[in-house]
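Asks: Would you mind keeping the following structure in view while I ask a few things?
The values are calculated or read from the model by the stated rules, or taken from the named source; none is laboratory data. Note that the coordinates shown come from a computational prediction; the quantities given were computed from them, not determined experimentally. Cβ: placed from backbone, ideal geometry, glycine included. Neighbour counts: every protein chain shown. For accessibility, only protein heavy atoms count, side chains too; no ligands or nucleic acids. Shrake-Rupley method; radii C 1.70, N 1.55, O 1.52, S 1.80 Å.
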Amino acid sequence: MKKIFLLLSLTALLFLSKTAVCQAVTDTPIVHNLDPTFYKTSLLTGRVIGVNLENVQGVSITNIRTSEKASTDSRGIYQVNAAKGDTLAFYIAKYSKDTLIVGSIKENLNLIMIKRKVDELPANHSESDFNRARRADNELYRVLEKDAKLEGKWKY
């Protein structure tokens, strides 16, 4: 009888101590000690060109973290406040939506907007159709990026 009582007492004590620990954990406030310079924003500049290497005016650019918006001017140039690691979303009607992650504030963030074949696939597309379209999109982007560099499109 003493063994059963001792076993039950130990079980109850173990249960109560786990409950107390869990309660202490759930009552502990979460403190965020982020470095204030972590999200230090700077004015980021970039250019958006289209599939014919033309400047694209009126592209809507949104910083996803801050919701700040900007748009491209007649030369395809935009300026938006951003920090390293921010995601910028680019949208204009005749091209596919695109996103870029800010790597360095000191460098211009340029983009070539294309109408992706992947976005035009039917809902019931096969994996091979998707892979074929993605390869075609990537190849088009590589060629356009090379041509843009050769023509000096990124200098402004």
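Asks: Among the strands (runs of 3 or more DSSP E) lying completely within the stretch 32-128, list those that include at least 3 residues that are in contact (Cβ under 8 Å) with a residue 24 or more places away in the chain and closer than 20 Å to Tyr141 by Cα.
Replies: Hits in the stretch 32-128: 42-49, 87-91.
Matching residues to (1) touching a helix residue (DSSP H, G or I) at 6+ places or on another chain (Cβ under 8 Å); (2) under 21 Å from Arg47 (Cβ atoms):
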{"site": "Lys84", "(1), (2)": "no, yes"}
{"site": "Glu107", "(1), (2)": "no, yes"}
{"site": "Arg116", "(1), (2)": "yes, yes"}
{"site": "Pro122", "(1), (2)": "no, no"}
{"site": "Ser126", "(1), (2)": "no, no"}
{"site": "Arg132", "(1), (2)": "no, no"}
{"site": "Arg135", "(1), (2)": "no, no"}
{"site": "Tyr141", "(1), (2)": "no, yes"}
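Asks: Quick one: is Asn108 more than 14 Å from the chain's Cα centre (by Cα), at pLDDT below 95 and within 18 Å of Lys146 (Cα to Cα)?
Replies: Judged against the criteria, Asn108 is a match.
Asks: Also: Just give me the residues in the stretch 129-156 being part of a loop (DSSP other than H, G, I, E, B) and surrounded by fewer than 16 Cβ atoms within 10 Å (Cβ to Cβ), in sequence order.
Replies: Result: Glu151, Gly152, Trp154, Lys155, Tyr156.
Asks: Would you check which residues across the stretch 84-96 are modelled with pLDDT of 95 or more and either in contact with a Phe, Trp or Tyr (Cβ under 6 Å, 6 or more places away or on another chain) or open to solvent by 60 Å² or more (accessible area, probe 1.4 Å) (or both) and list them?
Replies: Result: Tyr91, single match.
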